[in-house]
Amino acid sequence: MRIQKRDGRIVPYEEEKIVEAIRKANNEVEEEYRADEGLIGEILEDVKREGRELQTVEHVQDIIEEGLVGHNKYALAKKYIVYRYQRSLLRKSNTTDESILKLIRNENKELAEENSNKNTRLASTQRDYIAGEVSRDVTRRLLLPEHIALAHDNGVIHFHDADYFIQPIFNCCLINIQDMLDNGTSINGKMIESPKSFQVACTVTTQIIAAVASNQYGGQSVNVKHLGKYLRKSRIKFEKQLDEEFGDSLSREEKKKIVDIRLKDELRSGVQTIQYQINTLMTTNGQSPFVTLFLHMDEEDEYVEETVAIIKEILNQRLKGTKNEKGVFVTPAFPKLVYVLDENNCLKGGRYDAVTRLAARCSAKRMYPDYISAKKMRENYEGNVFSCMGCRSFLSPWKDEKGSYKWEGRFNQGVVSLNLPQIGILAKGEEKVFWKLLDERLELCYEALMCRHKALEGTVSDVSPIHWQYGAIARLKKGEKIDQYLHGGYSTMSLGYIGLYETTYLMKGCSHTSHEGKDFALRVMDRMKNAAASWKKETGIGFSLYGTPAESLCYRFARIDREKFGDIKNVTDKGYYTNSYHVDVRENIDAFSKFVFESEFQNKSLGGAISYVEIPNLNNNLEALEELIKFIYDNIQYGEFNTKSDYCHVCGFDGEIEINDDMEWECPQCHNKDHSKMNVTRRTCGYLGENFWNAGKTKEIRARVLHL
């Protein structure tokens, strides 16, 4: 017999624990009311007589209570029941008071680390966080099954976004911006008709983004090719105006020159509207919209030349940067940019290679865009190329009633992530134990994900008209339920995972980059991928395996396991786990080999995958950067670049900032010491290099750097 604990763990049945519990209760009552050894033995037999291979701890406790009451040991049973109730109350006790007070005092470092895009000092952001803490508490105590809540608390799994779970809202989406622009929409009860110009289309797009972002908790993505039509509308409008105003008094060449000048100005103003609006707006979530612009030059699109012009303007404006409050040009946090490499722009003599070289310059200075290979995407997604969602998760192929693939207007219901290294720690190198524990915890993830799904079932369209009634996702009637979009694979649910590298090291004593380690790691990936596929087949819900980029979770899982199991070499002693399938930062591997290696894991993680490499001093290594971009097209679906260059937002210094032994630093150019106005790269928090961890001062400075 085995026992399922409240946190989801499966442990061997130990009857001495029952004996100990009853004896403790015996000590609380007078001798005449106690259970003798014979009665204790009978209760143990009752537990065994059930004949189940797997019992929950709650059911065993029920049997004990029934046994005591059945033998008239009412006083003893009462003590046992009261003790059990007190333990339950302790588990369900309010957890918000201290966390909210710490938030107001700006002492809640866990929240500060969780989302670097939200400033916990701002009153508006604090308001969202306070609501989130209440939601997290109610979720933990009342909405989730107790064993799921405890599994989350103990770092077995991570139930993402519990601070929004109390509401019937979802994670991230691809906004159906084409439908909303072409057919009009409504925001705050006001009709917005289809735009007649590019400038207006850009303004409406930012309004839509803000409204959508305020009614979901994850990011949103927009394909900029749908703005191409409106740039052409502006050209036609300018041409008509000139004809009406000047007739034949101007030559065709003169009119074209004037139209080109006006259109260029309109293009610049429209893109500037998007950039400034997104960075200055604040949603009801207390942050700028977490929006991604998808930059794909699709030659099958009749407006491809307009799209190319828009993409070039977006890249040029990002390259220039945005002025901060001191008037210094800095890198804006949003919108995120994802640039598609296709046959026409993969730096092999394509028609739009010059645009890709502009993108490379932008990446060198501003770290964006990221890059998607259209070639690899078509291999993985039935010939399709489409945007990832804001959280870098990808949808699964889905066809409408006409048999056409549909991507925009779809969404992700939520994420639950699995702590793989903890399984490796418990298995102690025994593969049989490992696979058994992995299967049990995958079932726990499935149950947790179904909690997310069931929380959305029955939601009516009125909860977010911008999503469900006015085109971002659907055009439902008022009062109509959204359930049809939760089933049949239309939306996805993501199984995340952390620490494949550490898990392989625990089980095989080597990295997953070695031959033996790689074989084991790929089998782990297959086990998780097949589990998600089986859940999808069983339920019709779009489960998928997702290499989440949630870096704060790498620290949370490692911290919990370090507290439980102590320092384990190359695992918990680092203070962080490696994200998803990624190669550990301390591995001696070049950028090209890293992309090739990780591509095999991306292909098994089609619910979302992202790989990055580091290039020192990107601005001085443009040629190497272009070679890597060319390499991405042929070898990996999604790649991004990091650099060792630091950045000062006061004076614009772009180089390397030295960190002294006391973990203090200042800008060598303007001597700024205000860390909130500096970007110090990931090497300082354990990701790129060892400077930070060797300094030995971890907790305080790690929280500070992660917040930055």
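The values are calculated or read from the model by the stated rules, or taken from the named source; none is laboratory data. Remember, it's a predicted structure, so these values are computed and weren't measured experimentally. Neighbour counts run over all protein chains shown; Cβ positions are idealised from the backbone, glycine included. Remember, those area values only see protein heavy atoms, side chains included, never the ligands or the DNA or RNA. Shrake-Rupley method; radii C 1.70, N 1.55, O 1.52, S 1.80 Å.
A residue that is surrounded by fewer than 23 Cβ atoms within 10 Å (Cβ to Cβ), in contact with a strand residue (DSSP E or B) (Cβ under 9 Å, 6 or more places away or on another chain) and in contact (Cβ under 8 Å) with a residue 60 or more places away in the chain occurs nowhere in the stretch 133-143.
Out of T292, T283, T307, which single residue is of a type in the set (S, T, Y) and either surrounded by fewer than 18 Cβ atoms within 10 Å (Cβ to Cβ) or out of contact with any helix residue (DSSP H, G or I) (no Cβ under 6 Å at 6 or more places or on another chain) (or both)? Among T292, T283, T307, only T292 is of a type in the set (S, T, Y) and either surrounded by fewer than 18 Cβ atoms within 10 Å (Cβ to Cβ) or out of contact with any helix residue (DSSP H, G or I) (no Cβ under 6 Å at 6 or more places or on another chain) (or both). Within the stretch 379-387, one or more residues are in contact (Cβ under 8 Å) with a residue 40 or more places away in the chain, in a helix (DSSP H, G or I) and either open to solvent by less than 10 Å² (accessible area, probe 1.4 Å) or within 20 Å of T548 (Cβ to Cβ) (or both). Take G218 and decide whether it is at pLDDT below 95 and either touching a Gly at 6+ places or on another chain (Cβ under 9 Å) or part of a helix (DSSP H, G or I) (or both). For G218, the condition - at pLDDT below 95 and either touching a Gly at 6+ places or on another chain (Cβ under 9 Å) or part of a helix (DSSP H, G or I) (or both) - is met. Looking for something out of contact with any Asp or Glu (no Cβ under 6 Å at 6 or more places or on another chain), open to solvent by 10 Å² or more (accessible area, probe 1.4 Å), modelled with pLDDT of 95 or more and under 19 Å from I425 (Cβ atoms) - is there at least one such residue anywhere in the stretch 521-528? Yes - at least one qualifying residue is present in the stretch 521-528.
For the stretch 44-54, does any single residue satisfy the condition of being part of a loop (DSSP other than H, G, I, E, B) and of a type in the set (K, R)? Yes, some residue in the stretch 44-54 is part of a loop (DSSP other than H, G, I, E, B) and of a type in the set (K, R).
Using the structure shown, decide if K233 is touching a residue at least 24 places away in the same chain (Cβ under 8 Å), in a helix (DSSP H, G or I), open to solvent by 30 Å² or more (accessible area, probe 1.4 Å) and touching a Lys or Arg at 6+ places or on another chain (Cβ under 7 Å). When the stated conditions are applied, K233 passes them.
Each residue in the stretch 583-607 was checked for being in contact with a Leu (Cβ under 8 Å, 6 or more places away or on another chain) and either free of Cβ contacts under 8 Å to residues at least 12 places away in the same chain or open to solvent by less than 10 Å² (accessible area, probe 1.4 Å) (or both), and 4 pass. Looking for something in contact (Cβ under 8 Å) with a residue 40 or more places away in the chain, part of a helix (DSSP H, G or I), in contact with a Gly (Cβ under 9 Å, 6 or more places away or on another chain) and not hydrophobic (A, V, I, L, M, F, W, C) - is there at least one such residue anywhere in the stretch 344-355? Among the residues of the stretch 344-355, not one is in contact (Cβ under 8 Å) with a residue 40 or more places away in the chain, part of a helix (DSSP H, G or I), in contact with a Gly (Cβ under 9 Å, 6 or more places away or on another chain) and not hydrophobic (A, V, I, L, M, F, W, C), which makes the answer no. Taken as a whole, the stretch 524-545 holds no residue that is in a loop (DSSP other than H, G, I, E, B) and within 26 Å of E640 (Cα to Cα). In the stretch 318-343, the qualifying residues are those that are open to solvent by less than 10 Å² (accessible area, probe 1.4 Å) and more than 21 Å from the chain's Cα centre (by Cα), and the one that is modelled with the lowest pLDDT is G321. Report whether or not E516 is of a type outside the set (V, I, T), open to solvent by 10 Å² or more (accessible area, probe 1.4 Å), touching a Cys at 6+ places or on another chain (Cβ under 9 Å) and assigned to a helix (DSSP H, G or I). In short, yes. Taking every residue in the stretch 543-571 that is on the phi > 0 side of the Ramachandran plot and pairing it with any residue that is crowded, with 16+ Cβ neighbours inside 10 Å, at least 6 positions away or on another chain, the pairs with Cβ-Cβ distances below 8 Å are G566/T572; N570/E502; N570/Y505.
Can you confirm whether the stretch 163-185 contains a residue that is closer than 24 Å to V416 by Cβ, aliphatic (A, V, I, L, M) and open to solvent by 10 Å² or more (accessible area, probe 1.4 Å)? Yes, some residue in the stretch 163-185 is closer than 24 Å to V416 by Cβ, aliphatic (A, V, I, L, M) and open to solvent by 10 Å² or more (accessible area, probe 1.4 Å). Scanning the stretch 428-476 for residues that are more than 26 Å from the chain's Cα centre (by Cα) and open to solvent by less than 10 Å² (accessible area, probe 1.4 Å) returns a single hit, F434.
Across the stretch 545-570, the qualifying residues are those that are crowded, with 16+ Cβ neighbours inside 10 Å and among the charged types (D, E, K, R), and the one among them that is nearest to I610 (Cα to Cα) is E551.
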